[in-house]
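Heads up: the structure comes next, in structure tokens.
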């Protein structure tokens, strides 16, 4: 089963467009926990178990695991093992390098870790992207217009008739020969969502920036959904993971995820 089919089955099974980010900061673990790698794994597993049935996908951010040193690889593997096999995993690493290096990244994230999809930086062009898209059973989300303030520095610069992020959307369609490509589009950029959707009507969006970053959830959903009311995932990390700093953190995470899922479904 290819990534798009796996994702759509999960969306339909759980009636959800919610993606739960797994970005564990060892210094922000709930108060009952000690700041150790084992506690990070325990925390992640509890969040996953609390949100199964609510999330259509999970998105671990590789940086939070690399920051743990050698033990971080084990924590990430234990985290991925806790996610049901039917629920897709999007590994957020934002990689992008020359072709032979990109192939090694593909081997690491797809073959060694078993991720279903990966975030990729398209700045170096087609030859840096193709080693990922060549894995026809896996998904690739290109950074298009991100949710951070610095997106204005380069992504919103105009080159000819289009901004840089619009060029990325156009090129993504050209590069999508295997039908496994999507775009990362921040919820903090609602005025641009419709423009990107018009340039790439068939590409799925991964939308961060809702919750702690203050993105407009309604605008994100209505501006990016496709004709079937799908075509997007709304990612929430801190808003779900850190819904409580106490012993009830897992229960609070479930309530936060349920609330987000319900809101998204109202707007879709």
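The values are calculated or read from the model by the stated rules, or taken from the named source; none is laboratory data. Every value quoted in this text rests on a predicted model; they were computed, and no experiment measured them. Positions of Cβ are generated from backbone atoms using ideal geometry, with glycine treated the same way; all protein chains shown enter the neighbour counts.
Quick check on residue 59: is it in contact with a strand residue (DSSP E or B) (Cβ under 6 Å, 6 or more places away or on another chain), surrounded by fewer than 23 Cβ atoms within 10 Å (Cβ to Cβ), part of a strand (DSSP E or B) and at pLDDT 95 or above? Don't jump to the end; show me each part of the working.
On the way: in contact with a strand residue (DSSP E or B) (Cβ under 6 Å, 6 or more places away or on another chain): yes; surrounded by fewer than 23 Cβ atoms within 10 Å (Cβ to Cβ): no; part of a strand (DSSP E or B): yes; at pLDDT 95 or above: yes.
In short, no.
Just checking, which of 106, 115, 85 is farther than 19 Å from residue 37 by Cα, surrounded by fewer than 19 Cβ atoms within 10 Å (Cβ to Cβ) and modelled with pLDDT of 95 or more?
On the way: 106 fails: surrounded by fewer than 19 Cβ atoms within 10 Å (Cβ to Cβ); 115 fails: surrounded by fewer than 19 Cβ atoms within 10 Å (Cβ to Cβ).
One residue alone meets the criteria, 85.
I'd like to verify a number: residues in the range 82-100 that are more than 22 Å from residue 236 (Cβ to Cβ) and out of contact with any helix residue (DSSP H, G or I) (no Cβ under 7 Å at 6 or more places or on another chain), how many?
Our first condition is that a residue be more than 22 Å from residue 236 (Cβ to Cβ); within the range 82-100, this holds for 85, 95-100.
Filter again for out of contact with any helix residue (DSSP H, G or I) (no Cβ under 7 Å at 6 or more places or on another chain), leaving 85, 100.
Of the residues in the range 82-100, 2 are more than 22 Å from residue 236 (Cβ to Cβ) and out of contact with any helix residue (DSSP H, G or I) (no Cβ under 7 Å at 6 or more places or on another chain).
Rundown of residues vs (1) closer than 26 Å to residue 75 by Cβ; (2) more than 19 Å from the chain's Cα centre (by Cα), yes/no style:
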| residue | (1), (2) |
| --- | --- |
| 90 | yes, no |
| 116 | yes, no |
| 121 | yes, no |
| 128 | no, yes |
| 134 | no, yes |
| 159 | no, yes |
| 165 | no, no |
| 171 | no, yes |
| 174 | no, yes |
Taking the range 242-268 only, how many residues are more than 18 Å from residue 21 (Cβ to Cβ), touching a residue at least 12 places away in the same chain (Cβ under 8 Å) and part of a helix (DSSP H, G or I)? 3
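Suppose we filter the range 47-56 for residues that are in a loop (DSSP other than H, G, I, E, B), touching a residue at least 40 places away in the same chain (Cβ under 8 Å) and surrounded by fewer than 24 Cβ atoms within 10 Å (Cβ to Cβ); how many remain? Show your work before the answer.
The first filter runs over the range 47-56 and keeps only residues in a loop (DSSP other than H, G, I, E, B), leaving 52-56.
With touching a residue at least 40 places away in the same chain (Cβ under 8 Å) added as a condition, the list becomes 54-56.
From what's left, surrounded by fewer than 24 Cβ atoms within 10 Å (Cβ to Cβ): 54.
Number of matching residues: 1.
In this structure, does residue 151 turn out to be surrounded by fewer than 21 Cβ atoms within 10 Å (Cβ to Cβ), more than 20 Å from residue 179 (Cα to Cα), touching a strand residue (DSSP E or B) at 6+ places or on another chain (Cβ under 8 Å) and without any contact (Cβ under 8 Å) to a residue 60 or more places away in the chain? Before the answer, list the steps.
Working: surrounded by fewer than 21 Cβ atoms within 10 Å (Cβ to Cβ): yes; more than 20 Å from residue 179 (Cα to Cα): yes; touching a strand residue (DSSP E or B) at 6+ places or on another chain (Cβ under 8 Å): yes; without any contact (Cβ under 8 Å) to a residue 60 or more places away in the chain: yes.
For residue 151, the condition - surrounded by fewer than 21 Cβ atoms within 10 Å (Cβ to Cβ), more than 20 Å from residue 179 (Cα to Cα), touching a strand residue (DSSP E or B) at 6+ places or on another chain (Cβ under 8 Å) and without any contact (Cβ under 8 Å) to a residue 60 or more places away in the chain - is met.
Give the residue that is farthest from residue 87 (Cα to Cα), with candidates limited to residues of the range 230-241 that are part of a helix (DSSP H, G or I) and touching a residue at least 60 places away in the same chain (Cβ under 8 Å). Don't jump to the end; show me each part of the working.
Here is the first cut: in the range 230-241, the ones part of a helix (DSSP H, G or I) are 238-241.
This time we only want the ones that are touching a residue at least 60 places away in the same chain (Cβ under 8 Å), so: 238, 240-241.
Details: 238: 20, 240: 18, 241: 18 Å.
Going through the qualifying residues, I end up with 238.
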Among the residues of the range 198-216 satisfying the criterion of being in contact with a helix residue (DSSP H, G or I) (Cβ under 6 Å, 6 or more places away or on another chain) and farther than 15 Å from residue 141 by Cβ, which is surrounded by the most Cβ atoms within 10 Å (Cβ to Cβ)? 210
Members of the range 30-46 found to be surrounded by 13 or more Cβ atoms within 10 Å (Cβ to Cβ) and in a loop (DSSP other than H, G, I, E, B), listed by number: 30, 33, 36
